[in-house]
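See structure below.
The values are calculated or read from the model by the stated rules, or taken from the named source; none is laboratory data. Predicted, not measured: the structure shown is a model, and the values here were computed from it. Ideal geometry is used to build each Cβ from the backbone, glycine not excepted, and the neighbour counts take in all protein chains shown.
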Amino acid sequence: METLLEPQLEAELEHQNPKVLVIDDDQDHVNVLKYHLGQQGFDVVWAFNGADGMELLKKEIPNLVLLDIELPDTTGFEICGKISDDPLAYDIPVIFVSGVEQRDVLRQARAAGCSYYVRKPYDPNALLVLIKQTLQENGN
């Protein structure tokens, strides 16, 4: 894919830490992710609802999104679908991190365009490995 960035800016962006956008209405969960991912060298930005999350996505252009399914203003499925349909964001991988136990949640997650689904509670080390693997798969 051809880039519109100046070569110098593009080189600077390549040397930055991977940026992860967390969209989750549980402030405690967001704080835990911010701490653990920050300790591993990730830049973390976050939003507590879908509207703010989409705004940050366009402003910050993260390398990966960690997304809850149940948000106060929408569902993670809708947000993931919007990301998948956006010509500027469709290649940003989305990992659902949620406690939702609906019967067809995995089918819905895949249909929305997510890369992986992790059920809460989860092993933080396993999530970190999955994040790194997903970024590597996507060339980040």
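Tell me, which residue of region 87-127 that is part of a loop (DSSP other than H, G, I, E, B) and small (Gly, Ala, Ser) is farthest from MET54 (Cα to Cα)? So, considering only residues that are part of a loop (DSSP other than H, G, I, E, B) and small (Gly, Ala, Ser), the one farthest from MET54 (Cα to Cα) is GLY99.
Residues that are closer than 21 Å to ARG119 by Cβ and within 14 Å of the chain's Cα centre (by Cα) were ranked within region 30-43; the one that is surrounded by the fewest Cβ atoms within 10 Å (Cβ to Cβ) is LYS34. The set of residues in region 33-70 being more than 22 Å from LEU88 (Cβ to Cβ) and touching a residue at least 12 places away in the same chain (Cβ under 8 Å) consists of LEU33, LYS34, HIS36, LEU37, GLN40, GLY41, PHE48, ASP68, ILE69, GLU70. For region 90-108, the candidate set comprises residues that are at pLDDT 95 or above and among the hydrophobic types (A, V, I, L, M, F, W, C); within that set, the residue that is farthest from LEU66 (Cα to Cα) is ILE92.
Residue check: is ILE79 under 14 Å from the mean Cα position of the chain (by Cα), in a helix (DSSP H, G or I), farther than 17 Å from ASN140 by Cβ and of a type in the set (Val, Ile, Thr)? Quick ask: steps written out before the conclusion?
On the way: under 14 Å from the mean Cα position of the chain (by Cα): yes; in a helix (DSSP H, G or I): yes; farther than 17 Å from ASN140 by Cβ: yes; of a type in the set (Val, Ile, Thr): yes.
Taking the combined requirement at face value, the residue satisfies it.
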